[in-house]
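The values are calculated or read from the model by the stated rules, or taken from the named source; none is laboratory data. Everything quoted here is computed from the prediction, not taken from an experiment. Here the Cβ is made from the backbone with ideal geometry for all residues, glycine too, and neighbour counts use every protein chain on show.
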Amino acid sequence: MQSSKRLPRLIVVLGPTASGKSALAVELARRLSGAVISADSRQVYRGLDVGTGKITKREMRGVPHYLLDVADPRRQYTAARYAKDAGRATQKVLARGKVPILCGGTGLYIDAALYGGTFAKGAPDPLFRKRMERLSTEALFVLLEQRDPARARTIDRHNRRRLIRALEIIAATGTSARPLSRTLRFETLKIGVARSKTELARRIRVRLARDLKRGLVQEVQRLHRDGLSFRRLNELGLEYALIARYLKDEIKTRQELEEALGRAIIKYAKRQMTWFKRDPEISWVSSSRKALALARSFLKGVH
């Protein structure tokens, strides 16, 4: 927890996928007169609803939510753009006298919101990208492991676009695409939703079964029909990439698809936890009562 009396206060609710962070953020917002700002790299896209676990209007329970459905999925939305949008959203929440509650599982976006949007970045290099495109996805990941082990532990190892971009930035700048500034824009309380590995895996399986019944495969079919190429669906990762393979008949059966989805989502949750575990400022809680007590003390200035 960082402190400065001159900075506005902001609460972060974070955790791996399916941990229950969205529900906790809504509960805190209702109790504390707050509003929720999403910190999810895929929920910014319109039409990516079931596959991203995007909160529904009913689940919002009247709490204002920001930075959902703000981008066209045909075009890439960057962490640098998110930093600007999150800054504007937070100022709107503060101007209305409400408590900003940042909620999500994308560690890079959380950092972008808290520290601002100055990132190490290199200009696109077509020749470098052409060389990298010749490599297999596994070879790209091994190369990233050698050049930036920390980034390799958190990246989606099957997402070629992200692997190539990470390597391109390292080649151009000598560093990775994390925020360069480490000066907090807000006095911050970070609350992590704690789940055991067994419980989290169970929750992931339950949510996956629910999402498949809600039309997850049909959502990907619709996105493709509406103009998203299979390549773009692959770039969006996880459910979208695997279901794109299923639609191309690279994954043969529904059972094979469901098993692949379960494995991939559990691995993704592990990568999220790898990112979060490096941050000693996170207060991990297993109940909304504990989270509410921490938040109230923080807002009163009792650290």
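Before moving on, here are some points about what is shown:
- Of all the numbered requirements in (1) in contact (Cβ under 8 Å) with a residue 40 or more places away in the chain; (2) at positive phi, Glu239 misses one, and that requirement is (2).
- Answer from Thr52, Thr56, Thr90 - the residue that is hydroxyl-bearing (Ser, Thr, Tyr) and without any contact (Cβ under 8 Å) to a residue 12 or more places away in the chain: Thr56
- All positions within the range 222-236 that are farther than 22 Å from Glu133 by Cα, surrounded by 15 or more Cβ atoms within 10 Å (Cβ to Cβ) and either touching a residue at least 24 places away in the same chain (Cβ under 8 Å) or not assigned by TED's automatic domain parsing to the domain that holds Arg271 (or both): Leu223
- Of all residues in the range 214-237, those being of a type in the set (D, E, K, R) and not in a helix (DSSP H, G or I) number 2.
- Verdict on Ala293 being out of contact with any Cys (no Cβ under 8 Å at 6 or more places or on another chain), closer than 24 Å to Ile110 by Cα and surrounded by 17 or more Cβ atoms within 10 Å (Cβ to Cβ): no
- Flag for Ala269 being of a type in the set (A, V, I, L, M), free of Cβ contacts under 8 Å to residues at least 60 places away in the same chain, in a helix (DSSP H, G or I) and within 30 Å of Phe186 (Cα to Cα): no
- The listed residue being closer than 12 Å to Met60 by Cβ, in contact (Cβ under 8 Å) with a residue 60 or more places away in the chain and not β-branched (Val, Ile, Thr), out of Ala18, Ala35, Ala39: Ala35
- Looking across the range 198-221 at every residue that is among the small types (Gly, Ala, Ser) and loosely packed, with under 15 Cβ neighbours inside 10 Å, the one that is farthest from Ala18 (Cα to Cα) is identified as Gly215.
- Any hit, the range 166-177, residues being within 25 Å of Phe276 (Cα to Cα), in a loop (DSSP other than H, G, I, E, B), touching a helix residue (DSSP H, G or I) at 6+ places or on another chain (Cβ under 6 Å) and not hydroxyl-bearing (Ser, Thr, Tyr): yes
- Condition met for Asp156 (loosely packed, with under 14 Cβ neighbours inside 10 Å and part of a loop (DSSP other than H, G, I, E, B)): no
- Restricting the range 245-266 to residues that are β-branched (Val, Ile, Thr) and free of Cβ contacts under 8 Å to residues at least 12 places away in the same chain leaves a set whose member that is surrounded by the most Cβ atoms within 10 Å (Cβ to Cβ) is Ile251.
- Residue count, the range 159-172 (criterion: touching a Phe, Trp or Tyr at 6+ places or on another chain (Cβ under 7 Å) and either surrounded by 20 or more Cβ atoms within 10 Å (Cβ to Cβ) or assigned by TED's automatic domain parsing to the domain that holds Ser229 (or both)): 1
- Whether a residue is assigned to a loop (DSSP other than H, G, I, E, B) and either buried (at least 20 other Cβ atoms within 10 Å of the Cβ) or not assigned by TED's automatic domain parsing to the domain that holds Lys54 (or both) was assessed, and Leu242 does not pass this test.
- Counting only residues that are within 16 Å of Gly104 (Cα to Cα), of a type in the set (Ser, Thr, Tyr) and over 15 Å from the mean Cα position of the chain (by Cα), the range 29-73 holds 1 of them.
- Only one of Arg96, Arg88, Arg61, Arg129 that is modelled with pLDDT of 95 or more, in contact with a Lys or Arg (Cβ under 9 Å, 6 or more places away or on another chain) and farther than 20 Å from Gly192 by Cα: Arg61
- Every residue from the range 281-303 that is assigned to a helix (DSSP H, G or I) and modelled with pLDDT of 95 or more: Ser288, Arg289, Lys290, Ala291, Leu292, Ala293, Leu294, Ala295, Arg296, Ser297, Phe298, Leu299
- Restricting the range 20-66 to residues that are surrounded by 16 or more Cβ atoms within 10 Å (Cβ to Cβ) and among the polar types (S, T, N, Q), the residue that is nearest to Ala95 (Cα to Cα): Ser38
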